[in-house]
Amino acid sequence: MIQESTVRILIPAKETGKLVGKGGVVLNALRTETGASIELSEPIKNCNERLLGVSLDRDNPGTNTCKQALLAVLTKFLSPVEDQPESLVSVRLLLCTSQTKSLIGKGGEKIQKIRQSSGAKLRLLPKWEVPLCGSVKLDTICQISGASDKVKVAVENVCDVIESSSLDDEPLQKVAPFLLSAQPAGMPILSSRKVSFCVLVPAAQVGQLIGRSGEVIQAIREATGATLRVSAAEEGINYRCLEIVSTEGPSQTRSASLEALIRCLYCLNEEARPHAYSIRLIVPSRCATTIIGKGGTDIQALRNATKAIIRILDVGEGIPKLSSPQLLTGRVNLIHIEGPASGVHSALESVAAAVRLSAWAKDRQGSAQEMDENRRGPVETVVMGLTRAQAGAVIGVSGTNINHIREMSSAKVTLKAPSEENEAHELEIVGTARQCQAAKCMADAFIWRSGMEPEPERTTSHNAVPAA
């Protein structure tokens, strides 16, 4: 098995021209010179940085080290620190969970040693500052600043730590956008809608959400493109309401409102212990009913999958009488989520997905004519062969993904377990050509989001039977 050492660096979008060169000549020359795999991510809206990954085969002694390849990249650009002499530069590395732990060391010993030996400033930035080209859940920014020569020494030391870390570390996952599209391919076009979340924030935590002179909340607005508003303080009320709003099209694969919500989760829990994260979300009662599921099966499955404590409270049990937010009109419930950081993150994503999709609930029902048009044509059967990991990605937490596929495509979607004759899982999709296309596109996208490559369907059979 080939073992790769990978270091990722955030490149200011305005500097990528120097790195790529006309027709990619500079980047290709770097690949040839270093023997490394150097990949630059595509630009993302509202993101002023791009992610550059440098990978080398650790089993091949004839290649350069990863730090040598990275230093060759750094010579092409070095971002000056604002309001400082030109000799000062700043570099931002994006580290996965295992790399971050290795860099910190026991009691912060390793990172402190690098600070002292290099003379550069090393900071691990808060999770909410991870740009859209990274993963808030999996990544942490290591910002290195100081004189150019000191920064290079610090980068070398950080690379040494990463390269010497265990080969059993988890592989870096591909960065894929939140796949919460309510508009799969082949479905009738749905219009844009306002997507809103309402977070109940303890009054004592409002300061860390807003930041000095509003710098934190403004940074989240600029990074995600969502609108964030904090309600005014009310006498006798120990909570404030954070409204997160964005107008989104159903075909968008990246949700500005959800990106902002996740960053607010980490901002509000910045001082919390990793196993003691919490958040309170006010949602319409119809969304709470969807999350609970028949007989409470869905919410229990979500609890089991995420290891988070999830409680849904009725009006009066935990919802203060806030007068300002328009989101509190109508019947609402309070969803309280607490537990380990990763579990709360995953549970919040699933809850938020249900809230977001409710914005198109009426549109998805459509007129009788549109629904009849969607069901016309012969019935087809598409069978996709899936690995165990791919099957898990299609199912999603507590069946969220596969239920979403069924609801949005109107196809009959069944996941069959491996048999003695066939070792692979089989995803069987039955419906019209339009329905099958929509369901397959969504299944492929969920697989891609999990960091895997979707495979083409193994068999496709067409049954010329008119749909009922």
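No lab work stands behind these numbers, since they all come straight from the coordinates. Keep in mind the model is a prediction, meaning the values are calculated, not measured. Virtual Cβ from ideal backbone geometry, glycine too; neighbours counted across all protein chains shown.
Here are the numbers for this structure:
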| read-out | value |
| --- | --- |
| In order through the range 210-216: 3J(HN,Hα) via Karplus (6.51 cos²θ - 1.76 cosθ + 1.60), integer Hz, x for Gly, Pro | 7, x, 5, 6, x, 5, 6 |
| Additional length obtainable on full extension of the chain from ALA147 to GLN218, 0.36 nm per residue less Cα span | 22.6 nm |
| Summed side-chain charge close to ASN157 - residues other than ASN157 whose Cβ falls under 14 Å, Lys, Arg +1, Asp, Glu -1 | +2 |
| Spacing of the two label points (7 Å from each Cα toward its C-beta) at LEU313 and GLU109, in nm | 4.4 nm |
| Amide H within-cut-off set for ALA226, under 5 Å, with H built and near neighbours excluded | none |
| The range 193-364, relative contact order in percent, only Cα pairs under 8 angstrom and at least six apart counted | 27 percent |
| Distance (nanometres) between label positions extended 7 Å along Cα→Cβ at ARG229 and LYS101 | 4.3 nm |
| Low-density loop positions, GluC sites (Glu not before Pro), the range 221-320 - DSSP coil, at most 16 other Cβ in 10 Å | GLU234, GLU235, GLU270, GLU271, GLU317 |
| Within the range 406-444, backbone nitrogen closer than 17 Å to the virtual label 7 Å beyond the Cα of GLU42 toward Cβ | 441-442, 444 |
